[in-house]
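These notes concern the structure reproduced below.
The values are calculated or read from the model by the stated rules, or taken from the named source; none is laboratory data. Quantities reported herein were computed from a predicted structural model and do not represent experimental measurements. Glycine gets a Cβ as well: all are built from the backbone with ideal geometry, and neighbour counts include every protein chain shown. Remember, those area values only see protein heavy atoms, side chains included, never the ligands or the DNA or RNA. Shrake-Rupley method; radii C 1.70, N 1.55, O 1.52, S 1.80 Å.
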Amino acid sequence: MTALTLSTSAAPGLRADAIVIGVAKGTASRSGDLVVAPGAEAVDKAYDGKLAGVLETLGATGAEGEVTKLPAPAGFKAPLVVAVGLGAEPEKDSGFDAEALRRAAGVAARTLSGSRKAAFALPLADAADTGAVAEGVLLGAYSFDTYKENGKSDAKAKNAKGPLAEAALLGGKPRDRAYKAAIERATAVAEELNRARDLINMPPNDLNPEAFAAVAQTAAKEHGIKVQVLDEKALVKGGYGGILGVGSGSASAPRLVKLSYTSSKAKKHLAFVGKGITYDSGGISLKPAGHNETMKCDMSGAAAVFAAVVAAARLGLEVNVTGWLALAENMPSGSATRPGDVLRMYSGKTVEVLNTDAEGRLVLADALWAASEEKPDAIVDVATLTGAMMLALGNRTFGIMANDDAFRSALHEAAEEVGEPAWPMPLPEHLRKGMDSPTADIANMGERMGGGLVAGLFLREFVGEGITWAHLDIAGPAFNEGGPFGYTPKGGTGTAVRTLVRLAELTAAGDLG
């Protein structure tokens with residue numbers, strides 16, 4: 001992973017492969033359309049104050065994510081200047097938005113893959129800006145190359161570029177406690193988020209429920225987290241009919257993993273529940289051709305929960321956080337659950353399975369009830385649950401549903417604060433009737449229209465009475481099938497990790513009531 005340092009060095013004398021600066025679209029009150037952002041004063045001076053004009057000649061506009069390269073001026077020890085767009089220049093007396101800094105740093109880090117060292121001369125008005133840039137660098141430099149090591153005879157393997165090795169943040173204050181804390185937080189969160197990305201990107205022949213549980217056990221031991229793994233025998237004994245029913249068609253048996261981080265100073269307890277379908281074929285209700293290829297990502301919710309619990313432990317947050325990973329592989333076979341089968345869930349309720357491809361809600365139902373038994377202050381579940389949510393919100397925004405409006409709003413604000421686009425969604429009571437079953441207590445399907453909301457209503461049935469709960473449907477942003485953007489790579493994104501960590505921080509600080 002990219003090493004981060006805070007540096008007080010001046011840009012001209014720093015030995016590096018490149019100097020990264022920020023540029024922005026100027027306001028109407030300025031002459032010219034391009035503005036060199038704060039932090040790059042020494043670079044601009046070396047161009048006799050004409051750097052903006054030079055960049056404009058090269059086609060730079062300051063648009064977010066735009067990259068323009070030019071030779072460094074005479075006297076610089078770095079040979080290259082990389083100008084990255086920050087978007088619109090902020091209003092007077094206000095700094096650049098933290099998310100704009102994250103994205104710019106991420107684009108630059110990805111652009112400089114294969115480099116040994118880069119100096120980032122981006123705007124660092126305070127420790128918060130430093131943390132945003134650091135996070136952007138670490139997330140933008142991510143690459144997943146585990147399965148590309150094909151030996152020395154492979155020219156592509158020999159010429160492959162590794163991630164940026166080191167990033168020096170110019171203008172940082174190495175001895176300032178707040179700045180050092182910002183770097184430490186960014187490192188912990190980014191490393192765990194990148195670990196979640198690795199899990200999401202792993203092929204399902206290597207990451208089955210048992211393997212995922214083993215990864216969680218290793219990390220828990222490393223970071224002082226208590227872990228409990230229920231294997232198939234324990235699940236049968238406990239009556240976890242939802243998890244067992246979904247996993248019954250696979251040769252890889254399901255697991256329920258409980259991760260418990262506790263703080264001696266905690267006054268609140270949060271429970272995070274993650275959908276962990278390590279591969280989703282749809283089961284007997286088999287997915288059509290063209291819809292199976294990325295279904296290794298159907299455990300993204302469990303990966304996010306796992307990463308968030310470990311990050312909370314690494315940060316020493318003064319809040320108790322329990323993570324529940326509901327792990328199963330959904331496959332068709334002679335032993336698979338059939339449409340029309342009735343499952344008795346861990347809560348005691350019975351569910352008529354009308355569609356075996358609506359499996360995520362079944363494993364989550366068992367885990368939600370298990371989490372409810374501990375009576376936490378709040379439960380948040382995270383899942384790549386419905387294609388309907390993608391139709392509603394697109395590929396970059398996740399939906400938030402909750403049984404408490406204030407909690408839903410708080411989660412939305414936390415998500416927006418950390419740069420994870422989200423949108424509050426309702427739980428319309430009239431849609432509940434569509435899940436009435438003549439055979440069981442409830443069916444796992446309801447009305448087709450509003451399917452994402454129907455899924456949320458189903459999950460609500462398995463939350464203990466009086467417990468505050470929210471559901472994050474991350475089906476859209478969990479896996480990026482397009483090209484990379486900002487600090488988001490192609491493939492697994494690790495979305496929701498930062499929202500969960502921020503929620504834990506706010507809870508520890510007493511800012512959520």
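Any idea how many residues of region 13-59 are closer than 24 Å to residue 114 by Cα, in a helix (DSSP H, G or I) and open to solvent by 40 Å² or more (accessible area, probe 1.4 Å)?
1
Looking at residue 174, is it at pLDDT below 95, surrounded by fewer than 24 Cβ atoms within 10 Å (Cβ to Cβ), more than 23 Å from residue 314 (Cα to Cα) and touching a helix residue (DSSP H, G or I) at 6+ places or on another chain (Cβ under 8 Å)?
Considered against the rule, which asks whether it is at pLDDT below 95, surrounded by fewer than 24 Cβ atoms within 10 Å (Cβ to Cβ), more than 23 Å from residue 314 (Cα to Cα) and touching a helix residue (DSSP H, G or I) at 6+ places or on another chain (Cβ under 8 Å), residue 174 comes out as no.
Among the candidates 191, 210, single out the residue that is of a type outside the set (Gly, Ala, Ser) and within 19 Å of the chain's Cα centre (by Cα).
Step by step, each of 191, 210 is checked, and only 191 is of a type outside the set (Gly, Ala, Ser) and within 19 Å of the chain's Cα centre (by Cα).
I need the full set of residues from region 466-513 which are of a type in the set (A, V, I, L, M, F, W, C) and in contact with a Ser or Thr (Cβ under 7 Å, 6 or more places away or on another chain), in order please.
Hits for region 466-513 are 467, 474, 475, 478, 479.
Could you identify the single residue in 419, 452 that is at negative phi and either polar (S, T, N, Q) or open to solvent by less than 50 Å² (accessible area, probe 1.4 Å) (or both)?
452
Across region 425-444, what is the number of residues that are in contact with a helix residue (DSSP H, G or I) (Cβ under 7 Å, 6 or more places away or on another chain) and in contact (Cβ under 8 Å) with a residue 60 or more places away in the chain?
Residues that pass the stated criteria total 3.
Restricting to region 250-293, name every residue that is touching a Pro at 6+ places or on another chain (Cβ under 8 Å), of a type in the set (A, V, I, L, M) and open to solvent by less than 10 Å² (accessible area, probe 1.4 Å).
Once the filter is applied, which keeps residues that are touching a Pro at 6+ places or on another chain (Cβ under 8 Å), of a type in the set (A, V, I, L, M) and open to solvent by less than 10 Å² (accessible area, probe 1.4 Å), region 250-293 yields 270, 271.
Could you list, in sequence order, the residues of region 72-102 that are buried (at least 17 other Cβ atoms within 10 Å of the Cβ) and free of Cβ contacts under 8 Å to residues at least 12 places away in the same chain?
Answer for region 72-102, where residues must be buried (at least 17 other Cβ atoms within 10 Å of the Cβ) and free of Cβ contacts under 8 Å to residues at least 12 places away in the same chain: there is none.
Answer yes or no as to whether residue 75 is modelled with pLDDT under 95 and within 26 Å of residue 488 (Cα to Cα).
Here the answer is no, as residue 75 does not meet what is asked.
If only one of 318, 329, 374, 352 is open to solvent by 10 Å² or more (accessible area, probe 1.4 Å), of a type in the set (D, E, K, R) and in contact with a Phe, Trp or Tyr (Cβ under 8 Å, 6 or more places away or on another chain), which one is it?
329
Checking the condition among the aliphatic types (A, V, I, L, M) and either open to solvent by 50 Å² or more (accessible area, probe 1.4 Å) or touching a His at 6+ places or on another chain (Cβ under 7 Å) (or both), which residue from 105, 125 passes?
Exactly one residue qualifies, and that residue is 125.
Mind listing whichever residues of region 1-12 are within 28 Å of residue 143 (Cα to Cα) and surrounded by fewer than 18 Cβ atoms within 10 Å (Cβ to Cβ)?
1, 3, 5
With respect to the numbered conditions (1) open to solvent by less than 40 Å² (accessible area, probe 1.4 Å); (2) within 30 Å of residue 501 (Cα to Cα), which one is the sole condition not fulfilled by residue 343?
The single condition residue 343 does not satisfy is (2).
For residues that are touching a helix residue (DSSP H, G or I) at 6+ places or on another chain (Cβ under 8 Å) and either at positive phi or charged (D, E, K, R) (or both), tally how many sit in region 490-512.
So the answer is 6.
Only residues that are touching a residue at least 60 places away in the same chain (Cβ under 8 Å), out of contact with any Gly (no Cβ under 7 Å at 6 or more places or on another chain) and not basic (Lys, Arg): list them for region 313-322, please.
Those that are touching a residue at least 60 places away in the same chain (Cβ under 8 Å), out of contact with any Gly (no Cβ under 7 Å at 6 or more places or on another chain) and not basic (Lys, Arg): 315, 317, 318, 319, 320, 321, 322.
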